[in-house]
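Written below as structure tokens is the structure these notes are about.
FYI, it's all coordinate maths here, none of it is from the lab. Predicted, not measured: the structure shown is a model, and the values here were computed from it. As a convention, Cβ positions derive from the backbone with ideal geometry for all residues, glycine included, and neighbour counts pool all protein chains shown.
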Amino acid sequence: MEQSEQNVAAKTELPKPTALEQAAPQDVSGTPGRPIFDVRNVSVWYSAFKAVTDVSMTIHENEITAFIGSSGSGKTTVLRAFNRMNDLVPGARVEGEMHYRGTPLYGKDVSPIAVRRRIGMVFQKPNPFRKSIYDNVAYGPRINGERNRRKLDEIVERSLRRAALWDEVKNRLKSSGLALSGGQAQRLCIARTIAVEPDVVLMDEPASALDPIATGAIEDLMRELKKQYTIIIVTHNMQQATRVSDRTAFFSVLTDSKNDTRTGVLIEYGSTRQIFEDPQDSRTQAYVTGRMG
Amino acid sequence: MSSVTQADPAKQAGSASPLTRRRPLGDRGFQILALASGLLVLVILVLIAVSTTQQSTDWFSKAGVKGIFSTDWDPATNHFGAMAFVYGTVITSVIAIIIAVPVSVAVALLLTEVVPRRWARPIVYLIDLLAVVPSVVWGLWGILVFAPWIQSSVYSHIASAVNGIPLLGSLFGPPVSGASFFTAGIILAVMITPIVTSLSREVIATVPVIDKEGAYALGATRWEMIRGAVWPHSQNGVVGAVLLGLGRAMGETIAAALVIGSSATVTSRLFATGYSMPAVIANQFPEAAGEWRAALIGMGVLLFALTIIVNLAARGIVERSTRRMRGA
Ligand SMILES: Nc1ncnc2c1ncn2[C@@H]1O[C@H](COP(=O)(O)OP(=O)(O)OP(=O)(O)O)[C@@H](O)[C@H]1O
Ligand SMILES: [Mg+2]
């Protein structure tokens, strides 16, 4: 928590109307297919270790983009670069250009806090706060300054409904968020994320710990959410990628036996149908047909 | 001790089935050891309580509840009311807690969440060093250096400023003494801050990164993250740390004896001289005899009871709030 953390401290308040603020539309529904992220030659380092190298891709609005690839290929690392979560890792560094709606994400006057208010994240392991279900969902709106009890009630109900959790918890909103099943807890985390009306939702293997029914519920939810949000999801489940995503990025690990380094690379990126039915790279083909990884 | 192991004891010994295998010797040995040491602690506590109570029955029976809780302490006339000492102990501990807890928690949060690790380490080391300063040294420094300074440059100004103002005046008005409730409270605060800080820091450091990231991912600032993720997680541990500090403040003898002023009075004026339970025991025990001696030992019993009550009450409060938050 060194440099990067100081960065957070220095900009605890939203900068007045930055380019970032103006760029993001207040009414959430955007134009499907329009570019929202432009990633050019991005490499991510953990101190002296280069975890991913030279990623270039364009993410499109109101689409679901899936990141697939073997373990350690840098999917999580790249995903976390999109909302500057890597800033929180001591020694982590992002090189290259990342533009979000035309604004450089790592620009000098861009606050990581403002970035994360627009670009939310759901983690692999459900991580509800040690608070009530209600307070979990209301946390985001509250830190955004919403104090009105009735408005909060509305937001909580709407978010829980959208996360398909409302019916299961509506009678125990005051009980702890930790007293939920894994699948419910994950949907609570999704509700918490969408309660702040983000523009983009990043999901890192959100269903990896869930049974098929809960997974199905989350996939339905993603299809529903994509009407309003842009979603990037990391998944190890290729059926899942084909079921929900519009585009797929395949990552792999390049091993350099001379220096004994392993670096993640983006091998191929295209429409999900193309990646799975007509992969251009032999490594992609090997992976999606299950002959590797 | 599951039902499986108890199902057929005759078969157990020779059986090779992993389900019916006896629990490993080490396991049972450890269980017995843990139980035994737990019981030993309990037995020692009970023995202490019993023997001290026995030695003080003289006082308890003669003075009665009313006598015990009177404010009149005068060995010359055989009046042994403990109220002034109970009051002094409570007031100085409350002052110590009010000062030490915010400082300790703030420092602990700073050290774990804000200050870069390479600076945090030497600071932690310094704080831990403070914890090993003997209490008599704190007491001496308090009475020789700190008390005269704070009396002339702080207390007297405050006292003359608030004199006559309704509530403030009765708390901070004259008389003013260097050795006083407030000075004792400050010295106690300084003494318990290192341990409360250390323990809180350890608790706060165990908050999982993923919980903090959950808050950051919603666009929380560091402070908002602390309130949302770190605090709910460490609350109970911090309360535990505070309880330990409180116990130490209530029982602190020599430092309090040196700086509290040693006059058995009950007054709302915090800058006035007072007394505390452990201090009076330490000061008067060598010369005490008969009922006086019994009263001093009884004071020890009262202090013991008081710390236990405070602890149980605080734990009860914590328990209730955790149960609510864990949703169990
Ligand atoms: N905080 C960190 N510090 C140092 N190295 C890290 C850190 N996080 C990840 N790495 C390394 O970066 C590389 C990429 O990791 P990453 O977690 O992005 O892979 P992944 O594709 O998400 O893998 P998985 O599918 O197993 O989740 C790995 O070699 C990993 O060891
Ligand atoms: Mg990962």
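Simple spin-label estimate for B:L33 and B:A289 gives 5.0 nm between the two label positions (7 Å along the Cα-to-Cβ direction from each Cα).
Its DSSP H runs of at least 4 residues, each contributing -39,500 (n - 2.57), put the calculated 222 nm mean residue ellipticity of the protein assembly as shown at -16000 deg cm²/dmol, to the nearest 500.
Helix A:182-194: angle to the longest alpha-carbon principal axis of chain A, degrees 0 to 90, nearest 10? Helix A:182-194 sits roughly 80 degrees off the main axis of chain A. Nearest 10 degrees, 0 to 90: what angle lies between the long axis of helix A:149-162 and the longest principal axis of chain A (Cα atoms)? With rounding to tens, the tilt is 40 degrees.
Shown for the protein assembly as shown is the translational diffusion coefficient from the Stokes-Einstein equation, using the Kirkwood radius over Cα pairs, a temperature of 25 °C and a viscosity of 0.890 mPa s: 84 µm²/s. Ordering A:D153, A:D256 by the number of other Cβ atoms within 10 Å of each residue's own Cβ, fewest first, gives A:D256, A:D153.
Would any residue of the stretch A:179-216 have its amide N under 12 Å from a label point 7 Å out along Cα→Cβ of A:Q239? List them or say none. Under 12 Å, as judged by backbone N against the label point of A:Q239, lie A:212-213, A:215-216 of the stretch A:179-216. Spin-label model, B:R118/B:A131: points 7 Å from Cα along the beta carbon direction are separated by 2.6 nm. Each residue in B:L188, B:L246, A:L160 was given a count of other beta-carbon atoms within 10 angstrom of its own, and listing them fewest first yields B:L246, A:L160, B:L188.
Mean sequence separation of contacting Cα pairs (under 8 Å, at least six apart), scaled by the length of the stretch B:87-276, corresponds to a relative contact order of 37 percent. For the cross-link pairs A:K170/A:K227; A:K131/A:K174; A:K131/B:K212; A:K131/A:K227; A:K50/A:K75; A:K131/A:K170, the ones whose C-alpha atoms lie over 18 Å apart are A:K170/A:K227; A:K131/A:K227. DSSP bridge analysis restricted to the stretch A:2-288 gives an antiparallel fraction near 60%, rounded to the nearest 5.
Between B:M83, B:M225, B:M277, the residue with the greatest mean-square fluctuation in the GNM of chain B (Cα pairs under 10 Å linked by springs) is B:M225. Fewest neighbouring Cβ atoms within 10 Å first, the residues A:F49, A:F276 line up as A:F49, A:F276.
Take the Cα radius of gyration of the stretch A:2-288 and divide it by 2.2 N^0.38 Å, N being the number of residues; the result is 0.99. With contacts taken as Cα pairs under 8 Å at a separation of at least 6 residues, chain B carries a relative contact order of 25 percent. Measure nothing fancy, just the Cα-based angle from helix B:57-68's long axis to the longest principal axis of chain B, in degrees from 0 to 90, nearest 10. The answer is roughly 70 degrees.
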